[in-house]
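First the structure, in the form of structure tokens, and then the observations on it.
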Amino acid sequence: MVVGGGGREHALAWKIAQSPRIEKIYVAPGNTGTSLIAENLNLQPTDIEGLGRAAVSKGVDLAVVGPEVPLALGIVDHFDSLAIPTFGPTKAAARIESSKVFARDLMERNGIPCPKGAAFSSYPEAREYVRRQQPPIVIKADGLAAGKGTVIANSVREADKALSEIMQAKAFGSAGDKVTIDECVTGREVSLIAFTDGQTVSPMVPACDYKRIGDGDQGPNTGGMGSYSPPGFFPAEFAEEATNTVLLPAVRAMAREGIPYKGVLYAGLMVTDRELLALEFNARFGDPETQVILPLLSTDLVEILLAVIQGNLERLRMEWTTNACVGVVMASAGYPGKYETGYPIKGLDNVGEDLLVFHAGTRLGDDGQVYTDGGRVLTAVSIGKDMAEARARVYRNLPSIHFEGCQYRKDIALREIS
Ligand code: GLY
């Protein structure tokens, strides 16, 4: 059972379906793409009791959780209590993502390199701290805020406004009871996402995502408009350094503190002129990074998931191809603001073998036609022997899929080849 319904979960189900060990896949709630390779269950990822009942009644013997909210609600603890082997961290361990204050403390206590900053539960003290810093500074709501809880404040005035919205007006509810305030560091961002069984840490190929809606990183933030792997500016020795200075110390510290961490640990890193810094941790696979990482994995994903659950990761040799992969998100007009849905998606029946298409906001009509049903609709992905080939392939083939108002970035992975 795969829990979730976005492009990440379609990519997970697609990779899992390639395993000879799999008889049947359920995805809850899934999307049109997953319905072609699995059975979708009409259950929301937050309905952990309902998901548990479904998993028991269907005889599920391996569950994988995509989004952060069910992890923070304790879906892994609940499934464990039902004896369903489940891939992901417990509620306590998922705090590495669900509490920015917890993550900052963990990093500071364990010497994990991160931007200078502090955590606050007092609004006046947070305001006071802002006045002692040089903007720009980064303010983060402590709890989960659907990706909207981070503000880069370019002046004391903007910082005050953000603090007031988060801590006083409670724009994100109790997620804003505390905040972290960090210096704003500049450089290149990279996602280093690793499997871990609580002891061994096996990083996946690194990837970069594009958060802004427009080319050249213009416009508002989104859930992710594209991704590529591997970034040339983050060679194997950087990945090794980040594993040794960020991922391993975090996993070891959690084990020492009695909250063993199992599943996927995602380090959001900044490569500055001088150093490698950890900006944040996520307790899950990235979206849209997963859509470009899993096509490069040669090893059976199910073997990896089971090794993590059973604590045998050290014995597993994970293999990656040396190819490159580029993913471009096709979104509805107006996204990330207001957008309309219900437009037919043309060309899905004739996708050539040069393109993988992972669904997110799609719906299958009674007439058998696939319609748009969300802001981010599809991720189109191509593999190539190098980044130039992968990029040329995705942009050459992507126009064969069309829906009214479709928008996508034209500059995904461009910096890698220009
Ligand atoms: N790509 C950012 C995330 O998954 O959080």
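The values are calculated or read from the model by the stated rules, or taken from the named source; none is laboratory data. These numbers were taken from a predicted model, which means no experiment stands behind them. In this analysis, Cβ positions are derived from the backbone assuming ideal geometry, glycine residues included, and neighbour counts consider all displayed protein chains.
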Can you list residue pairs whose Cβ atoms sit under 9 Å apart, with the first residue in region 299-312 being polar (S, T, N, Q) and assigned to a helix (DSSP H, G or I) and the second being modelled with pLDDT of 95 or more and surrounded by 18 or more Cβ atoms within 10 Å (Cβ to Cβ)? Count only pairs 6 or more apart in sequence or on different chains. 310/197
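Would you kindly identify the strands (runs of 3 or more DSSP E) lying entirely within region 137-183 that contain at least 3 residues that are of a type in the set (Gly, Ala, Ser)? Can you show your working first?
Numbers: elements: 137-141, 150-153, 179-183.
Once the strands (runs of 3 or more DSSP E) in region 137-183 are filtered for at least 3 residues that are of a type in the set (Gly, Ala, Ser), nothing remains.
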For residues that are under 25 Å from the mean Cα position of the chain (by Cα) and within 21 Å of residue 332 (Cα to Cα), tally how many sit in region 383-396. 2
In this structure, is residue 9 away from the ligand (no atom under 16 Å from the Cβ) and either touching a Cys at 6+ places or on another chain (Cβ under 6 Å) or acidic (Asp, Glu) (or both)? no
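To keep it simple, each residue is scored yes or no on (1) over 21 Å from the mean Cα position of the chain (by Cα); (2) among the polar types (S, T, N, Q); (3) on the phi < 0 side of the Ramachandran plot; (4) surrounded by fewer than 24 Cβ atoms within 10 Å (Cβ to Cβ).
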| position | (1), (2), (3), (4) |
| --- | --- |
| 283 | no, no, yes, no |
| 288 | no, no, yes, no |
| 304 | no, no, yes, yes |
| 317 | yes, no, yes, yes |
Pairing a residue in region 33-45 that is at positive phi and of a type outside the set (Val, Ile, Thr) with any residue that is modelled with pLDDT under 95 and surrounded by fewer than 21 Cβ atoms within 10 Å (Cβ to Cβ), where Cβ atoms lie under 9 Å and the two sit 6 or more apart in sequence or on different chains, gives none
Do the conditions hold for residue 326, that is, is it farther than 20 Å from residue 3 by Cα, outside any helix (DSSP H, G or I), of a type outside the set (S, T, N, Q) and within 16 Å of the ligand (Cβ to nearest atom)? yes
Taking only pairs six or more apart or across chains, which ones have beta-carbon atoms under 9 Å, a first residue in region 204-225 that is free of Cβ contacts under 8 Å to residues at least 60 places away in the same chain, and a second residue that is among the small types (Gly, Ala, Ser) and part of a helix (DSSP H, G or I)? 206/239; 206/242
Could you tell me which residue of region 384-404 is surrounded by the most Cβ atoms within 10 Å (Cβ to Cβ), considering only residues that are under 21 Å from residue 216 (Cβ atoms) and among the small types (Gly, Ala, Ser)? 390
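Kindly provide the set of residues from region 30-52 that are acidic (Asp, Glu) and closer than 16 Å to residue 360 by Cα, ordered by number. Quick ask: steps written out before the conclusion?
Narrowing region 30-52 to residues acidic (Asp, Glu): 39, 47, 49.
The one that is acidic (Asp, Glu) and closer than 16 Å to residue 360 by Cα: 39.
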Check whether at least one residue in region 359-366 is within 25 Å of residue 234 (Cβ to Cβ), surrounded by 18 or more Cβ atoms within 10 Å (Cβ to Cβ) and either touching an Asp or Glu at 6+ places or on another chain (Cβ under 8 Å) or in contact (Cβ under 8 Å) with a residue 60 or more places away in the chain (or both), and report yes or no. no
Unmet criterion (only one of (1) farther than 20 Å from residue 276 by Cα; (2) within 16 Å of the ligand (Cβ to nearest atom); (3) of a type outside the set (D, E, K, R)) for residue 173: (2)
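Go through region 68-91 residue by residue and tally those that are in a loop (DSSP other than H, G, I, E, B), surrounded by fewer than 23 Cβ atoms within 10 Å (Cβ to Cβ) and touching a helix residue (DSSP H, G or I) at 6+ places or on another chain (Cβ under 8 Å). Steps first, answer last, please.
Just the residues of region 68-91 that are in a loop (DSSP other than H, G, I, E, B), to begin with: 74, 82-85, 88-91.
Subsequent filtering for residues that are surrounded by fewer than 23 Cβ atoms within 10 Å (Cβ to Cβ) retains 74, 82-85, 90-91.
In the following step, the residues that additionally are touching a helix residue (DSSP H, G or I) at 6+ places or on another chain (Cβ under 8 Å) were identified as 74, 82, 84-85, 90-91.
Qualifying residue count, region 68-91: 6.
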If a residue must be within 25 Å of the chain's Cα centre (by Cα) and either among the small types (Gly, Ala, Ser) or assigned to a helix (DSSP H, G or I) (or both), how many such residues does region 398-410 contain? 1
